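Peer 1: Here it is, the structure, as structure tokens.
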Amino acid sequence: MSADLTDLVARGVNGSRLASRHNALAAIGALHPQGLCREAFSAADAEARGLICDWAAASGYVASIDAIGNMFFAHPGADPTIAPILIGSHIDSQPAGGPFDGQFGVLAAWEAFEALHESGLPLRRPVEVAIWANEEGSRFQPTTMGSAVFARRLPLQRALAATDTAGRTVAAELQRLRASLGEIRDRALGFPVAAYVEAHIEQGPILERRGIPIGVVTSIQGLRWFTVEVAGRTGHAGTTPEADRRDAFVAAHNMIRRLRDLMADPEDVVRFTIGRFEVHPNAPNTIPGSVLFTIDFRHPDAAVLKRLGDQVEQICREAGGPQCQVTITETLDSPPTILDEELAGAIARSADELGIRTEPMTSGATHDAKYLAMVCPTAMLFIPCRDGISHSVLEHADPEHVELGTRVLAGALGLIASDGR
Ligand code: HGY
Ligand code: MN
Ligand code: MN
């Protein structure tokens, strides 16, 4: 029985339709000679959403958008009073990213959604495609902003007030984006969801190294984000004696050196990244008056996240010394997340019935699924990406892995959407 359901929907996946949609979407925000820059609420993000709305209109699907810019696409016959099963991911990218992180999951969901409805399988509840706003958090912190607001873990007003380095707010940029989309239905924030499944590239090397085409994600590691602002005093590089300097760069350098000592891990499990480092006024012959840097700290163990993460503020204050003022803001504190075993089983069964090998694994990257797991049963599947590279213009996934992952998602959807969940 379940093999028929898996096969019925998986068989409907149309590889060439999937590939042409990938190329059309990847062209929006494409970098030369490769890569993607489609940051949240940018003109490219708006254009990409416009293209997807055109696809929806051509198929008669009903598009809706909520107050933080998450978008949903439902079948016209769906009963809006029944909590839907959501499948999806995000289409925003890093500033120098690739066209698979997030985009693969949205297109796989779209194709599975089409295959499910073309299969004629009687559905016990509606299925919708979800596109989460600002998953990357590169332009507007924090990461997974749209899904965090949807799950009520981040206040809407705080998200709308977030600013980019040019001082533009999410609220203003979202308003521009909505205006570009024209007439689109409003959707209640955080409506009830029956289940959520997300397909994504692994963004790491495990599946490729082991030659396994599908990862069944069992958990997502925790992460803590901090922004550290160091205020010293600008001065002349040639005339200011050492004793009179309040050099924000030197203070920041001391902080980072001590933080790296704290985070040193012989088992190589800790992930500690200073991704943004801004010096002002950034002139060769002026003593830096202020520095801003970000901390991205991750670990699968909640106790380690707490033990090491709770030392960040004190280390920064001490290393800043009396010369500089230090402001530390924790912008995200997200615990490790366990995903739904039963839904993971549906993914594994779908792959098994399609004769595809799988491997259970934890996710080093964070995903919108982390917040959906706080409000409904949630699962993820991974496909390999070349050399495990992501958040890079070199990001790439093989077309046959893209199609296999989409078939497994479609098959799992057939199982989940008909099991009366
Ligand atoms: O940062 C992350 O883990 C995600 O890829 N945005
Ligand atoms: Mn992603
Ligand atoms: Mn990402």
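Peer 1: Between Leu181 and Phe277, 0.36 nm times their residue separation minus their Cα-Cα distance comes to what?
Peer 2: Separation in residues times 0.36 nm, less the Cα-Cα distance, equals 31.1 nm.
Peer 1: In percent, how large is the relative contact order of segment 81-176, given Cα pairs closer than 8 Å and 6 or more residues apart?
Peer 2: The normalised contact order for segment 81-176 reaches 24 percent.
Peer 1: Angle check, please: helix 43-59 long axis (alpha carbons) against the longest principal axis of the chain (alpha carbons), in degrees 0 to 90, nearest 10.
Peer 2: That works out to roughly 10 degrees.
Peer 1: So how strong a dipole does the chain carry about its Cα centre when Lys and Arg Cβ are +1 and Asp and Glu Cβ are -1, to the nearest 20 debye?
Peer 2: Magnitude of the dipole: close to 780 debye.
Peer 1: So how strong a dipole does segment 130-249 carry about its Cα centre when Lys and Arg Cβ are +1 and Asp and Glu Cβ are -1, to the nearest 20 debye?
Peer 2: About 300 debye.
Peer 1: Can you compute 3J(HN,Hα) from phi for each residue in segment 276-284, using the Karplus curve 6.51 cos²θ - 1.76 cosθ + 1.60 with θ = phi - 60°, rounded to whole Hz and x for Gly and Pro?
Peer 2: 10, 9, 10, 10, 10, x, 6, 10, x
Peer 1: List the relative contact order of segment 247-392 as a percent without decimals, with contacts defined as Cα pairs under 8 Å and 6+ residues apart.
Peer 2: 21
Peer 1: Report the label-to-label distance for Ala43 and Gln325 in nanometres (one decimal), using points 7 Å from each Cα along the Cα→Cβ vector.
Peer 2: Label at Ala43, label at Gln325, 3.7 nm between them.
Peer 1: Computed on alpha carbon atoms, what radius of gyration and Dmax characterise segment 318-360, expressed in Å?
Peer 2: 22.8, 65
Peer 1: Determine how large the accessible area of Trp110 is when every protein chain is in place; take a 1.4 Å probe and give Å² rounded to the nearest 10.
Peer 2: Here the residue's solvent-accessible area equals roughly 0 Å².
Peer 1: Put +1 on the Cβ of each Lys and Arg and -1 on the Cβ of each Asp and Glu in the chain; which of Val269, His236, Thr327 then has its Cα farthest toward the positive end of the dipole?
Peer 2: His236
Peer 1: What FRET efficiency comes out for Ser59 versus Asp333 if R0 is 51 angstrom and r is the Cβ-Cβ distance? Round to the nearest 0.05.
Peer 2: Here the calculated transfer efficiency is 0.80.
Peer 1: For segment 340-399, which trypsin sites (Lys or Arg not before Pro) pass both filters: DSSP loop (anything but H, G, I, E, B) and at most 12 other C-beta atoms within 10 Å?
Peer 2: Sparse-neighbourhood loop trypsin sites (Lys or Arg not before Pro): Arg357.
Peer 1: Using only the alpha-carbon atoms, how far is helix 399-417 inclined from the longest principal axis of the chain? Give it as 0 to 90 degrees, nearest 10.
Peer 2: The angle comes out at about 60 degrees.
Peer 1: Taking 0.36 nm per residue of sequence separation and subtracting the Cα-Cα distance, how much length would be gained by fully extending the chain between Thr239 and Gln314, in nm to one decimal?
Peer 2: 23.8 nm
Peer 1: Another question, then. Give the relative contact order (percent, whole number) for the chain; include only Cα pairs under 8 Å separated by 6+ residues.
Peer 2: 25
Peer 1: Specify which residue in the list Val408, Gly364, Val375 is farthest towards the positive end of the charge dipole of segment 357-411, using unit charges on the beta carbon of Lys, Arg (+1) and Asp, Glu (-1), about the Cα centre.
Peer 2: Val375
Peer 1: Just to confirm my numbers, what's the Cα centroid distance between segment 76-132 and segment 335-412 in Å?
Peer 2: Centre-to-centre (Cα) distance: 14 Å.
Peer 1: Let me ask something additional. Testing the spin-label approximation: label points 7 Å from Cα along Cα→Cβ at Ala166 and Arg260. State their distance in nm.
Peer 2: 3.3
Peer 1: Given Cys53, Ala19, Leu8, which one lies farthest toward the positive end of the charge dipole of segment 1-73, if we put +1 on the Cβ of every Lys and Arg and -1 on the Cβ of every Asp and Glu?
Peer 2: Towards the positive end, the residue furthest out is Ala19.
Peer 1: At 1.4 Å probe size, with no ligands or nucleic acids counted, give the accessible surface of Ile328 in Å², nearest ten.
Peer 2: 30
Peer 1: Rounded to the nearest 500, what is the 222 nm mean residue ellipticity of the chain from helices alone, with -39500 (n - 2.57) per DSSP H run of 4+ residues and division by all residues?
Peer 2: -11000 deg cm²/dmol
Peer 1: Using the Cα centre as the reference, give the magnitude of the dipole from point charges on the C-beta atoms of segment 257-405 (Lys, Arg: +1; Asp, Glu: -1; all else neutral), rounded to the nearest 20 debye.
Peer 2: 740
Peer 1: Between Arg357 and Ala188, 0.36 nm times their residue separation minus their Cα-Cα distance comes to what?
Peer 2: Residue separation times 0.36 nm, minus the Cα-Cα distance, leaves 56.9 nm.
Peer 1: To the nearest 10 square angstrom, how much accessible area does Thr362 have with a 1.4 angstrom probe?
Peer 2: 70
Peer 1: Glu341 to Arg152: FRET efficiency via 1/(1 + (r/R0)^6), r the Cβ-Cβ distance, R0 30 Å, to the nearest 0.05?
Peer 2: 0.80
Peer 1: Highest mean first, what order results for 66-78, 298-310, 95-107 on Cβ atoms within 10 Å?
Peer 2: Descending mean neighbour count gives 95-107, 66-78, 298-310.
Peer 1: Here is a further query. How do 149-156, 264-271, 372-379 rank on mean C-beta neighbours within 10 Å, highest first?
Peer 2: Result, highest mean first: 372-379, 149-156, 264-271.
The values are calculated or read from the model by the stated rules, or taken from the named source; none is laboratory data. All values derive from a computational prediction rather than experimental measurement. Positions of Cβ are backbone-derived with ideal geometry, glycine not excepted, and every protein chain shown enters the neighbour counts. Areas reflect the complete protein model, heavy atoms only, side chains present, ligands, DNA and RNA absent. Shrake-Rupley method; radii C 1.70, N 1.55, O 1.52, S 1.80 Å.
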